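The block underneath contains the structure these notes are about, expressed in structure tokens.
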Amino acid sequence: MKHLLEPDARALPDWLASHGLPRYRAAQIRRWVFAGRVRSFEEMSDLPKDLREKLAADFQLWTTRVALHTATDDGTEKLLLELADGQQIECVLLRDGPRRSICISTQVGCAMGCVFCASGLNGVARNLTAGEIVEQMLQLDRLLPVGERLSHIVVMGMGEPLANLDRLLIALGEASDPSGLGISPRRITISTVGLPEAINRLTELESRYNLAVSLHAPDDALRNELVKVSKNIPLADILRAADRYFEASGRRLTFEYVLLGGLNDHLDHARRLAELLRGRTALLNVIPYNPVAGLPYRTPSSSAQNRFLDVLRTAGINVFVRERKGDKINAACGQLRRSVEQAKQAASSESTATPGVVSIAPLA
Ligand code: SAH
């Protein structure tokens, strides 16, 4: 069966034509999916019944199943989605004032080897299809009440977006298309570990998405310890590619810096980071480490965080600290999937084990 959400401008019109049906139905079906928020073909109430049945016979609307749905009282909701092949990915809805932002995944696992991150601990299993990326958007969209719309997308879930760039761009095309989700590229941010060739491709494609680059260290030596993939990628190359993207797109860059106690949070790191970023039209997003069970890293105390931030602010760097929304539901990428996997393992090895995930109340 074909996946209806797999972006393919010809699939529906061709299918309709092959059944002797008018092509205008394609736009009608698309409206039901993106604006009508239907969950089934059956709900597309102004389509003839036999068309709905034929669609259901040949197309799958959803390929994922919600394995777990968690929520916190700050309005953050997280879905653990099971894909057709049994793999699991995560995506998140965040509410902030009028904003309705979602954070989506691009791969099952990750190959970049950031030592502190839960997503990549077991490497990468596969790239997501464009349809699976779109499906996350629509699953999250359906958590909103009537009258509310998704306003922002951050591609900061599991995986390295630029390692699955072709499919990501196809999916983001659906997000920004007025007949899709209609979210302006200015409200869509792609976060990358920093792959210069792929950033250059974005520049050449005249992409207008916001780019966030994960630095995590002010020099190559420390970065090589924290981000394994960076061994062959000097910071200078990453910054050059990011600068080119800024010049071509006019989109202000964001740099991300996960603050790990005792590792990259010395005042000297802050000074050298300020030097590295000086003169750039950029935001620095400092992210206090969100602890991952079983990993030895720690979050710096708030006074250590403040001292680090003061150095940067005094040096004139535009810095903000990411609010830790959804901590209780393992909101850092890969954490929910990992805790569920660990619970499964514990349950199969010890029949009396309590799965680690029961502290999270699954919703309906
Ligand atoms: N692969 C992309 C997206 C990763 S998720 C990238 O590297 O940018 C977005 C950000 O969250 C990245 O900067 C990532 O390093 C960071 N991150 C991952 N695990 C984290 C954790 N446990 N605590 C805080 N930030 C984390």
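Here, each number is a calculation from the coordinates, and none is a lab measurement. If you're wondering where the values come from, they're calculated on a predicted model, not measured in any experiment. All Cβ positions, glycine included, derive from the backbone under ideal geometry; neighbour counts span all protein chains shown.
Just a few scattered comments:
- Angstrom value of the Kirkwood radius, inverse mean 1/r, which spans all Cα pairs in the range 275-316: 12.2 Å
- Counting lysine pairs in the chain that sit 8 or more residues apart in sequence, or on different chains, and whose Cα atoms lie under 23 Å apart gives 6.
- What the phi angles of the range 26-32 give under the Karplus curve with 6.51, -1.76 and 1.60, with θ = phi - 60°, is a coupling list of 4, 5, 5, 5, 4, 4, 4 Hz, glycine and proline written as x.
- Gap separating the Cα centres of the range 135-192 and the range 235-260, nearest whole Å: 21 Å
- Binning all Cα-Cα separations of the range 121-210 at 10 Å, short to long from zero, yields these whole-percent fractions: 15, 50, 28, 7, 0.
- Hz values of 3J(HN,Hα) by residue in the range 80-92 - Karplus curve (6.51, -1.76, 1.60), Gly and Pro given as x: 9, 9, 9, 7, 4, 8, x, 5, 10, 9, 10, 8, 9
- The antiparallel fraction among DSSP beta bridges confined to the chain stands at about 45%.
- Near the amide H of L47, within less than 5 Å, lie no amide hydrogens of residues on another chain or at least 5 residues away, with H placed in the peptide plane.
- Sequence of C103, C114 once ranked by neighbouring C-beta atoms within 10 Å, starting from the fewest: C114, C103
- Helical mean residue ellipticity (222 nm; -39500 (n - 2.57) per DSSP H run of 4+; nearest 500) of the chain: -10500 deg cm²/dmol
- The long axis of helix 235-249 is offset from the longest Cα principal axis of the chain by roughly 50 degrees.
- 0 to 90° range, to nearest 10: angle between helix 335-349 axis and the chain longest Cα axis: 80 degrees
- Rg then Dmax, both in Å and based on the Cα atoms of the range 14-108: 16.9, 51.
- Acute angle (nearest 10 degrees) that the helix 130-141 long axis makes with the longest principal axis of the chain, alpha-carbon atoms: 90 degrees
- Order of T192, T72 - criterion: other Cβ atoms within 10 Å of each residue's Cβ, fewest first: T72, T192
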